[in-house]
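Nothing in this text is a laboratory measurement; each read-out follows from the coordinates by a stated rule. Everything quoted here is computed from the prediction, not taken from an experiment. Note that each Cβ is placed from the backbone with ideal geometry, even for glycine, and that neighbours are counted across all protein chains shown.
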Amino acid sequence: MTRFEHIYNQYFKDVYRFVWSMCRDSATAEEITQETFFKALNRIDQFRGTCQINVWLCQIAKNTYFSYAEKQKRHVRYDPGDDASKQSLEAMMVNQEAAFRVHQALHGLDDPYKELFTLRVFGELSFAQISQLFGRTESWARVTFHRAKRKVQDRLKED
């Protein structure tokens, strides 16, 4: 088994679940996940090791999904005047168009906010796991996530 086959076998389900959380469609999630691993195979030499490989794969998946959604014209412009601006981020993630808006807001954040938010919300990692990844305390992970969440909410209000 090659190194890449090992990576594929180890992370396929994680990437699939991440994509499915954005699109809520199994066929689309399967297609985007396959495309993600194809792109990763072609770009494996660009992986710098500055983050976990599953985070790198999910970043590729996110960008692949956004490109796909743009081509499909499946997203709807968010109206800040509607009640969605009052919903929690978690509730907004259920709606695909709102999820896309959250991803757009998240894309503009700096690290560690962007990575931590992604790991917590889309990677479904616990604060303990996130703190281990960053080599920080669990309290730091909680506070940083809260700040990231607030930054995303503020960006959604601005649009």
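Which of the three applies to segment 1-74, rounded, prolate or oblate, going by the alpha-carbon gyration tensor with a ≥ b ≥ c and a/c under 1.5 meaning rounded? Judged from the Cα gyration tensor, segment 1-74 comes out prolate (a/c at least 1.5, a/b above b/c).
With θ taken as phi - 60° and the Karplus curve 6.51 cos²θ - 1.76 cosθ + 1.60 applied, the whole-hertz 3J(HN,Hα) list for segment 144-151 is 5, 4, 4, 5, 5, 4, 5, 5 Hz, x standing for glycine and proline. Let me check I've understood the local charge: for Ala128, count other residues with C-beta under 12 angstrom from its C-beta, Lys and Arg +1, Asp and Glu -1. What total comes out? Around Ala128, the charge tally is +2. Full extension of the chain between Phe134 and Ala27 gives 35.2 nm of extra length, using 0.36 nm per residue less the Cα-Cα distance. Here the 3J(HN,Hα) profile of segment 40-53, calculated from phi with Karplus coefficients 6.51, -1.76 and 1.60 at θ = phi - 60°, is 4, 4, 6, 10, 4, 6, 8, 6, 8, x, 7, 9, 5, 5 Hz, Gly and Pro shown as x. Look at the dipole of segment 1-59 built from charges on Cβ: of Thr36, Asn9, Ile53, the Cα furthest out on the positive end belongs to Ile53. Given the pairs Lys39/Lys114; Lys13/Lys62; Lys62/Lys151; Lys13/Lys151; Lys71/Lys149; Lys39/Lys151, which span a C-alpha to C-alpha distance of over 26 angstrom in this model? Beyond 26 Å between Cα atoms: Lys13/Lys151; Lys71/Lys149; Lys39/Lys151.
For a paramagnetic label modelled on Gln72 (point 7 Å from Cα along Cα→Cβ), amide N atoms under 15 Å away belong, within segment 1-41, to 16-36.
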